[in-house]
Every structure is written in C-alpha cells, then in structure tokens.
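What follows draws every value from the coordinates through simple rules; no lab data is involved. Because the structure is predicted, anything quoted here is derived from the model rather than measured. Quick reminder, even Gly has a Cβ in these numbers, built from the backbone with ideal geometry, and neighbours come from all protein chains shown.
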C-alpha cells in the first residue's frame, strides 16, 4: 500500500497536467457552479473560466481591465460529498483500455475529494468490507482525504462478493440530510442496483455515477479474477464466445443507461487515468444540464 501523501501528490500532478491545456481550469468554474448557490455577499473578482455562470460576469470591471471577470460570492452553504465506492475481487481486473480498475477508482475518488476540499466541502466515504458497511464520516482537510484513500486502497480488493446496493440502502436508512453522492462502481455494480433503491436515493440526494469499464472476456492474456489465473486460450480466443459476450455486455450497458436516465441520474464511463479530469468535467456538466431541463 502506498503512503498517504502519495495519493494526493499523484492527483495534484494529474490535475496540473491540464494547466497548459485549453480545458485548463474548467473544474474551477464547473464544480462551484453546479453545486454552490450564490449569496448576496460579494467577495472579489477573478478571471472567467469555462463553466462559470455568465450571469456572474462583471461587465464594468471587465471593460476596465480588458479581461472577462467574474464576481465571486461567499457560498450560501457548504456541501457534504459522499463517495460510495465499490470493492471486491472484481476491482482487481482491468479496464477496457487495459489499466487497473483499482487505480482508476482510487484516482477518480481522490480527484472528486480534492476538488470538494478546494471548495470547502466536507467529504466522507462508504463501502463494503467483509460484507459489512464501512463509513468514514464527513470531515474537511487533506488528512481526511488521505485517510479515505489509504483505507479504500487497503480494503478495495476484499475477496467477498460486494453488494453495492447495501451501501446505498445504508445511506437511505441513516442519512436524512441532503448530500451529493458520487457512486464509483462498474457495469456489474450498476446492473445490480434496483430501481426502487435508485428512486429513493435520488428523491433525497444529488446522485452521480462513475462506471469504471471492464476488459472483455476474450482476447490475449485475459485474467480470471475469481479463479486467480489466466483464461485458457481456447476460451479467450473463441470468436463465438466473443460475439455473445459483446452482445450481453451491450444489453447490460443499455439497461444501465436506461435505468439511470429514468431517474435523471448523470453518469460517465472511465477507461484510463489520463481522462479522469475530463470525464469528471463531463459528469458535472451533465448533472447541471439534467437539473435545468
């Protein structure tokens, strides 16, 4: 297991890569505009970044400075961000792009938590450990985020067969205060969540899903996470099996998309570490659009 500081260092480095790109500071504008309301208390001005609300542009100040400037307000309230994380042997597999699912899940959780921390929000986490729910309560600060990631890294590949709906039911039954829930799971995890559970969850909370993709069952060097060994070539190279697997996978993905759309829940698929920031931006923008239609 990595040292606690390694998680945040890697996440900061990953975010900083975008500092020289066109999408440089989109998160600086997107996250607050999605989740933070405006108070009447004007704070200061800053340069406009994509994702900002154009209603906040100070046109007079912009005219004087020659730059488009945004009014920043003291946030009306801080939010509680809950990371619901999938666990189990399946998380030791690879994504469709051949990257470790566990690393993508860790980096995505860390990136969400870090952006929430920068905006003054509290972050908590919830996942299954040995079939029991493990809760990290809402706290602020980098040490809290490091602890969440270190514990998740340690427990992520627990051998039990995880039921992520149990984690969501725990929230439904024990948390009355509204929160923002990011569910980080995979195709199978979403498929196993019932519609009544999603309906009850969405009624009370903001809910967003990240689907960590899965490598197919056919191809070269396919590893069986349950059997702890490579799938024999006569199986992994079978063309008929490949067609059936693709068909079944597409059916599940289609049903997952239908189910989430039914309840107005935004989701995004993630295959690689280098797309985590852009995928998070896509997810936030989708959530904002879904809530203004």
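Brief remarks on what is shown
- Exposure proxy for 121, 56: other Cβ atoms within 10 Å of each Cβ, ordered fewest to most, give 56, 121.
- Neighbour counts of other Cβ atoms within 10 Å put 251, 97 in the fewest-to-most order 251, 97.
- Cβ-to-Cβ counts within 10 Å put 85, 261, 201 in ascending order as 261, 201, 85, the fewest first.
- Estimated distance in nm for a label pair at residue 9 and residue 177, the labels positioned 7 Å out from Cα along Cα-to-Cβ: 3.4
- R0 of 51 Å, Cβ-Cβ distance residue 248-residue 54: FRET efficiency to nearest 0.05: 0.70
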